1. For the stretch 105-160, which positions are part of a helix (DSSP H, G or I) and free of Cβ contacts under 8 Å to residues at least 40 places away in the same chain?
2. Considering each of A164, A189, A149, A185 in turn, give the residue that is more than 28 Å from A78 (Cβ to Cβ), aliphatic (A, V, I, L, M) and surrounded by 15 or more Cβ atoms within 10 Å (Cβ to Cβ).
3. Looking at (1) out of contact with any Leu (no Cβ under 9 Å at 6 or more places or on another chain); (2) modelled with pLDDT under 80, can you tell me which one L69 breaks?
4. Quick check on my filter: what residues within the stretch 18-39 are modelled with pLDDT under 75 and buried (at least 16 other Cβ atoms within 10 Å of the Cβ)?
Amino acid sequence: MITSLLAGFGSSLALIVAIGSQNAFVLRQGLRREHVLPVVVTCAAADALLIAAGVGGLGSLVADRPGLLAAIRWGGAAFLLGYAVLAARRALRPGRLDPRDAAGTPLRATLLTCLAFTFLNPHVYLDTVLLLGGLALRDPSRWLFAAGAAAASVAWFTALGAGAHRLAPVLARPGTWRVLDGVIAVTMALIAARLLVG
């Protein structure tokens, strides 16, 4: 039981930590201290919905089609290896997150932007629906795996949104991104290897 929860938590966290448009948006909101709680709730709820879709509906569909499962596994591994290479390149040439100073944005516009960053990003479907769904299918307690994955999403977005303003000086340093992207590169490569070996 605990193993499935931890496996889901770890797998989800490894995927979600990669700095992309959604995470950068949450960081920006946290740094500006603007609508942080609604943004965090929206991101976490969207991830939970997509994870449940992958473990429930899509997971069952994939289980009945071994060829599709193999394609998702190989495609997911290729995608993760690509992410690992990009993260390794960023680690060699680190940048920094530069939140734009802008006037306050209404809550509705902020949430619509948040939903766009979430649902218009093709990576979110591969990460949450296909990849986590595929990993959950191989776990003996797939719904506990899903619960762990959703908990990782809640923990990550909460930490990102609530802690961003405290991290502003650290995030301004390229060395921080070198370490973070290096960890992301290794983690993605390890998950890809697990998919290929399995």
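1. Step one: filter the stretch 105-160 for residues part of a helix (DSSP H, G or I), giving 107-119, 122-137, 142-160.
Passing the criteria: R108, A109, L112, A116, P122, A159.
2. When all the criteria are applied, what remains is A164.
3. (1)
4. If the condition is that a residue be modelled with pLDDT under 75 and buried (at least 16 other Cβ atoms within 10 Å of the Cβ), then A18, I19 are the ones that fit.
The values are calculated or read from the model by the stated rules, or taken from the named source; none is laboratory data. Keep in mind that this is a model prediction, so the values were computed, not measured. Neighbour counts run over all protein chains shown; Cβ positions are idealised from the backbone, glycine included.
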